[in-house]
Each structure stands twice: as structure tokens, then as C-alpha cells.
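I have placed the structure first, in the form of C-alpha cells, so that the comments after it can refer back to it.
The numbers here are math on the coordinates, done by the rules we state, and not lab data. This is a predicted model, so every value here is computed, not measured. When we count neighbours, we look across all protein chains shown, and the Cβ atoms used for this are built from the backbone with ideal geometry, even at glycine.
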Amino acid sequence: MSTQPFMWPFNLFAPGNLNQPILPGWSFGNISVNYAGNVEIEKDVVEKVASFGKQLGIITEAVLELAEGRPDGDDKDPITRLRRIAAKVEELKQARKNKLLSEARDAMDRLAKSSPASADYVAQSYIPKPSS
């Protein structure tokens, strides 16, 4: 970084280079997960079959279905804890859907104001076509 003449006298006290890497060597391309089993199989399962979250969701649904009718226990009861976790996950999913709906409506409102024909085109593309 070169010294800027208009920054004098402040540049007397600052270092010449103010660039500082926050996470050196890290990028989205370098993320790796340590799998316990065969790395290639684990990676294929997550990429082609179901993410870890999807797998856990299905397991949670199955366990809670098996526990159907069982009353909640204390805070240490695993079924009670699992029910609470499942409820919190559902709340997060619903909040995400609500946020997405709000963002979509805002985007369509902006589009309708700037280009009504484009907004109509987008809206029409989502109307179900009658099946023959």
C-alpha cells in the first residue's frame, strides 16, 4: 500500500500495509469433512442421496413415530429432548419459509414497479397449466 499524500500526518503513525488475512489458507473450496468410514462412499451418500440434516430428520421422525403416545418425561428423557429439538428445527424451517416468502413478495413488488410486463411474465409462469 503506497502512502497517500492527502493522509499526512496520519500516515506517520500507521503501518504502510494494513492488509491482514483473517483466515489464511481458508476458502470455500478447502472445506473438508472428516468421515469415519470410506471417504468416497460417505461423500457420495451426502452429495447424491441425502445430506446429514436430511438423514437426521428422517431418523428423528422415525424415533418420534415409534414413541407416539409416550408422555414427555423430565429434561433428561431422550424422547422429550428429541421432541424439543424437532420442534425448534420446525420453527427454524418455518421462519426460513416466511422470510423467503417476504423476500419474494418484496422482489415482485419492486419488479412490478419498474417493469410491470416482466412481473406479469414471472407471475404467469407460476400459474399451474391445466392438464389435458
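Worth pointing out:
- Each Cα pair of the range 75-125 feeds into the Kirkwood radius, which the Stokes-Einstein equation turns, at 25 °C and 0.890 mPa s, into a diffusion coefficient of 182 µm²/s.
- Among Asp74, Asp44, a tally of other beta-carbon atoms within 10 Å of each Cβ gives an order, fewest to most, of Asp74, Asp44.
- At full extension, Lys97 and Glu40 could sit 17.2 nm farther apart than now, given 0.36 nm per residue minus the alpha carbon distance.
- Distance (nanometres) between label positions extended 7 Å along Cα→Cβ at Lys88 and Ser125: 3.9
- Gain on full stretching of the segment that runs from Val49 to Glu68 - 0.36 nm per residue minus C-alpha separation: 4.1 nm
- Qualifying chymotrypsin sites (Phe, Trp or Tyr not before Pro) in the range 35-132, where qualification requires a DSSP coil assignment and no more than 11 other C-beta atoms within 10 Å, comprise Tyr126.
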